[in-house]
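Worksheet: one structure, shown below.
Derivation of every value follows stated rules applied to the coordinates shown; laboratory data play no part. Bear in mind the structure is a predicted one, so any value in this text is a computation, not a measurement. A quick note on method: Cβ atoms are made from the backbone with ideal geometry, for glycine too, and the neighbour counts reach across all protein chains shown.
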Amino acid sequence: MIIKTVLKTFGVQFFVCYILLVIGLIAKSICNIAIENIISSIGKADKNEAYKWSGVLVALNFVYLLTNHHCWDFIHHVGVKIRLCIINVLYHKITELSSNTGIDIINI
């Protein structure tokens, strides 16, 4: 029940993070193609082509850096919110138990 509620509440945020991760992984995969083209253009002594692919490589690494950083930052913020919600639910359940059963909870 609690997992269903957490997914209903934070599902969109997890989906956005998943999209960011996919974009970062696609950028990182294309980096391998860029490196291969840089090496082949250097072998052909075509400096202009090598510079173009180097620019593509830098841009893709920048995209990967931004998506990866923001995704992990986003995951940490959502994780804190989920923990606080679960702690809040547990606190209310514990206070209901103590009032119904007569067990006293000692505040530390």
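On inspection, residue 75 passes the criterion of being under 30 Å from residue 90 (Cα atoms) and either of a type in the set (Val, Ile, Thr) or in contact (Cβ under 8 Å) with a residue 12 or more places away in the chain (or both). A single member of 52, 28, 44, 8 is out of contact with any helix residue (DSSP H, G or I) (no Cβ under 7 Å at 6 or more places or on another chain), surrounded by 14 or more Cβ atoms within 10 Å (Cβ to Cβ) and either farther than 30 Å from residue 83 by Cα or not β-branched (Val, Ile, Thr) (or both), and it is 52. Given the criteria among the small types (Gly, Ala, Ser) and over 23 Å from residue 78 (Cβ atoms), does residue 27 qualify? The answer is no for residue 27.
For every residue, the table says whether it meets (1) without any contact (Cβ under 8 Å) to a residue 40 or more places away in the chain; (2) assigned to a helix (DSSP H, G or I); (3) under 30 Å from residue 89 (Cβ atoms).
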residue: 13; (1), (2), (3): no, yes, yes
residue: 23; (1), (2), (3): no, yes, no
residue: 38; (1), (2), (3): yes, yes, no
residue: 52; (1), (2), (3): yes, yes, no
residue: 62; (1), (2), (3): yes, yes, no
